[in-house]
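Notes to accompany the following structure.
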């Protein structure tokens with residue numbers, strides 16, 4: 001197996017574990033309390049980091065890929081932007097139209113009584129997003145080890161809140177620990193499958209990266225800008241700590257970008 005395969009496999013597996021840990025934290029009461037008190041700050045750091053990765057690394061790299069394979073023209077910039085928009089709109093369709101609306105990182109109490117169908121429809125909708133998380137990790141890793149690492153971190157920072165959200169919805173539907181673990185394990189598995197499927201299908205098809213990267217970036221942009229930011233603003237009000245956490249997420253990206261760039265060069 002190539003070095004890129006093992007990087008993709010390890011990053012995909014670690015990201016998947018974040019979903020599972022988010023479900024597990026719903027059961028030990030002391031850990032549960034601490035995690036729920038910290039989840040808004042985790043979301044804020046994750047949102048800042050994801051936005052920075054998307055705008056500073058992914059989009060410029062996408063344009064660069066399209067410029068290599070096409071003559072300099074307006075179409076060179078239009079095509080990847082259309083794919084970016086398609087990924088964004090696809091996430092809107094799946095998360096908030098076909099599946100019931102849910103709030104990332106928010107606990108849903110059992111006495112709210114949602115249906116089992118609604119809970120598992122939400123799992124299915126989130127599963128599409130987690131699949132593209134894996135695709136994003138693999139596509140970025142195919143371009144460079146450093147970019148793959150940065151994208152992995154961006155994905156990993158919102159995996160725990162995803163697991164917490166989906167697990168709490170399954171609990172609200174009347175299911176127990178087994179149901180929560182099944183749902184969060186499924187999300188984690190789709191992340192790993194997204195990474196491995198892209199690696200297998202994309203091997204020897206270099207042009208596939210330039211299509212997959214902007215599409216997956218649109219999904220990531222939606223999660224950061226339309227899921228995370230509105231959610232933390234709504235529940236945190238004018239809290240200065242959340243704003244600082246978001247700025248810290250952006251700062252963390254620039255710091256790691258310098259470190260990763262120096263290390264891999």
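Taken together, the values in this text are just the output of simple stated rules run on the coordinates, not laboratory data. Just so it is clear, the structure is predicted and the values come from calculations on it, not from any experiment. Note that we place each Cβ from the backbone using ideal geometry, even for glycine, and neighbour counts take in every protein chain shown.
Our summary of shape: the Cα atoms of the range 209-265 have principal axis extents of 42, 28, 7 Å, ordered from largest down, in whole angstrom. The overall shape of the range 110-265 is oblate: from the C-alpha gyration tensor, with semi-axes ordered a ≥ b ≥ c, the ratio a/c is 1.5 or greater and a/b is no larger than b/c. Put in line by how crowded their Cβ is, counting other Cβ atoms within 10 Å and starting with the fewest, 66, 6 read 6, 66. Working from label points 7 Å from Cα in the Cα-to-Cβ sense, the residue 78 to residue 262 distance is 4.4 nm.
Extension gain, residue 226-residue 243: 0.36 nm per intervening residue step, less the Cα-Cα distance, totals 4.5 nm. Model label points for residue 38 and residue 93, set 7 angstrom from Cα along the Cα-to-Cβ axis, are 3.8 nm apart.
If I stretch the segment between residue 124 and residue 86 completely, what's the gain in nm (0.36 nm per residue apart, minus their alpha carbon distance), one decimal?
Numbers: separation 38, 0.36 × 38 = 13.68 nm, distance 1.91 nm.
Between residue 124 and residue 86, full extension yields an extra 11.8 nm.
Extents of the range 130-185, taken as max minus min of Cα coordinates on every principal axis and listed largest first, are 44, 15, 13 Å.
Given their separation in residues at 0.36 nm each and the Cα-Cα distance between them, residue 13 and residue 178 gain 57.3 nm when the chain is fully extended.
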